[in-house]
1. Filter segment 106-157 for residues that are hydroxyl-bearing (Ser, Thr, Tyr) and within 25 Å of the chain's Cα centre (by Cα); which is modelled with the lowest pLDDT?
2. Could you pull out every one of the helices (runs of 4 or more DSSP H) wholly within segment 482-573 that has 1 or more residues that are within 14 Å of residue 453 (Cβ to Cβ) and out of contact with any strand residue (DSSP E or B) (no Cβ under 6 Å at 6 or more places or on another chain)?
3. May I ask you to say which residue of 373, 346 is crowded, with 24+ Cβ neighbours inside 10 Å and modelled with pLDDT under 95?
4. Please work out which one of (1) surrounded by fewer than 22 Cβ atoms within 10 Å (Cβ to Cβ); (2) at pLDDT below 90; (3) more than 20 Å from the chain's Cα centre (by Cα); (4) under 29 Å from residue 9 (Cα atoms) is the condition residue 166 fails and give its number.
5. Tell me, yes or no, whether segment 138-148 has at least one residue that is in the same structural domain as residue 239 (by TED's automatic domain parsing), over 20 Å from residue 206 (Cα atoms) and of a type in the set (Phe, Trp, Tyr).
6. Need the failing condition index for residue 441 against (1) of a type in the set (D, E, K, R); (2) under 20 Å from residue 276 (Cβ atoms); (3) touching a residue at least 40 places away in the same chain (Cβ under 8 Å), just the number.
7. Are any residues in segment 71-87 surrounded by fewer than 19 Cβ atoms within 10 Å (Cβ to Cβ) and over 20 Å from residue 9 (Cα atoms), and if so, which ones?
Amino acid sequence: MNTGRSTIRFGVFEVDLASGEIRRLGVKIKLQEQPYQVLIAMVERPGEVLSRQDLQQRLWPGGTTVDFDRGLNKAINRLRQALGDDADQPRFIETLPQRGYRFLSQVEITSAPSTFGIESIAVLPLENLSSDPADEFFSDGMTDELIGEIARIGSLRVISRTSIMQYKMSPRKSLPEIARELNVDAILEGTVVHSGHTVRITAQLIRAHDDRHLWSEKYERSLIDVLSLQSEVARAIAAAIQITLTPQEQSCLARRRPVHPEAYEAFLKGKFFLHQGIRGVNRSIEIFRQSIDLDPLLAGAYAGLAEALCYARIFGFRPPAETHAEERAVALKALELDESNAGAHNALASLKEGYDWDFAGAEAEYRRALRLNPSRLLTRLWYAAFLAHVGRYDEALEESGKALVLDPVSPIAHNNRAMLLFRARRYDEAIRASRQALDLDPNFVNAVWWQGVAYAGTHNFSSSIACLKKAVSMSDVPLLRALLGHVYGLAGEKGLAIDTLEELKTLSRKRHVSPVDFAIVYAGLSDANSTFQWLETAYQARETRVLELPSMYFDTLRSDPRYADFMERLGLSLQTMSGIRPL
């Protein structure tokens, strides 16, 4: 193992991989080699079950010892003694009879900081030098993939795609100006040429404060080897700024396979449509499936399809019965092909949260995705939303703050914060956050939507209705129409609310309309029986948005015994309501 200068932390312990020392609160403790190797094997895969055979290969790679079971048991016992752990009530090492062992504690693995003082980087959109302007999807996709690859280096903060794409459309600013706006230490810029099955990339890394060129290189490869090219760029950047990669990072950046050129082009096109948000989800699903048909071993295409299907389920484009099985299958297939694919873990987390209602399992997957890629914006946003769903609002807003650092000049992270503040019932702050998002993009429908419902939270129904009518005019998502109907009911506009119900019923004959949408309108009308009927339908269909039950939309139901029953059945319990003021 190339240990470099990495450090592993868990609880009050830290392990210096360079020296092989373990310390408790800074004090070195003794640990023999075999217990140490068991510990390293476990902390590299926290939350996962390691079989005895896994550990045998780690401790005795040359073959089985004469008394393997006795040797392993002795190593485990000594490790527990060193950590002060209890086999019956474990904090760190759990024994799973007939299966193996699992490390329970959250683990942080950090590589040594750059000696050049580079701790953050922005990858500017690669300039498309191809003769075909239609290749913009390819240059944008290559930019996105480079961001994802470099973001595997945990000691680097890498700015999200949504913020850096602002610099593609606007007049070119100087690199120091961009670095100041994004609050980064370095900028990576370059060009890409896509011709047939060949790709050429030039790239240079520039330190922001003194405009110093730290590294530059030219690459020309067959598209078949594009994954190797991307990981090579990431490793070259780490070497240029003298970052020592952790063993996990080295492993992630080394595992690359040839790809089918047309499949990879389809994969990039699928991501292009997925990044368009609500309007591009269905098209992205089609194209990711085409990519998989062309190359059944392309992990990224399976992960992209899994996340696209998550969007379709969450926003109600398709009923969960049509998406959940494929979501799970393609996410697991992606992980079978590449266990380090953070997008696949993110999709699996969303499925566990929104369909299985397995909140512990969902959190483990979100955390796994963030360990693999701490700069992955979508995971930060979805994890923050998860924390709000389970009532952990302070933690949700903390995650939102991290997302804002990754995405400082686009509306997405501000909008996410508005949503979290709304769920935490901090409505005035939610209105301000949505305004910040709209300052960045006045046509961002999600921000108009959250501003509208936040106004309803303050009982400013006229402003709420104006915002939601605007949102409905911008998008045909049934949810927006349902929210407008809900506020009509709250405002005493019963006739308009009933008209909205009729519109949703008519729409449901042409496309999927979530039962939760009907429940939301009936809740605004204070029709408890109809609301619970539709919630029951949503519950039986395992509709993701039934998790909105603790929100303002269903306040009129909270004194009804059926409300507490629903909360318990969802696994939320009334503890989710902690900190929420009474009606």
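The values are calculated or read from the model by the stated rules, or taken from the named source; none is laboratory data. Everything quoted here is computed from the prediction, not taken from an experiment. Positions of Cβ are generated from backbone atoms using ideal geometry, with glycine treated the same way; all protein chains shown enter the neighbour counts.
1. Taking the candidates together, the pick is 111.
2. 515-524
3. Selected residue: 373, the only one of 373, 346 that is crowded, with 24+ Cβ neighbours inside 10 Å and modelled with pLDDT under 95.
4. (4)
5. Looking through segment 138-148, at least one residue is in the same structural domain as residue 239 (by TED's automatic domain parsing), over 20 Å from residue 206 (Cα atoms) and of a type in the set (Phe, Trp, Tyr).
6. With respect to (1) of a type in the set (D, E, K, R); (2) under 20 Å from residue 276 (Cβ atoms); (3) touching a residue at least 40 places away in the same chain (Cβ under 8 Å), residue 441 is out only on (3).
7. Residues satisfying the conditions are 71, 73, 74, 77, 87.
Matching residues to (1) under 26 Å from the mean Cα position of the chain (by Cα); (2) crowded, with 17+ Cβ neighbours inside 10 Å; (3) in contact (Cβ under 8 Å) with a residue 40 or more places away in the chain; (4) farther than 18 Å from residue 314 by Cα:
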residue	(1), (2), (3), (4)
476	yes, no, no, no
485	no, yes, no, yes
488	no, yes, no, yes
517	yes, yes, yes, no
528	no, yes, no, yes
539	yes, yes, no, no
546	yes, yes, no, no
568	no, no, no, yes
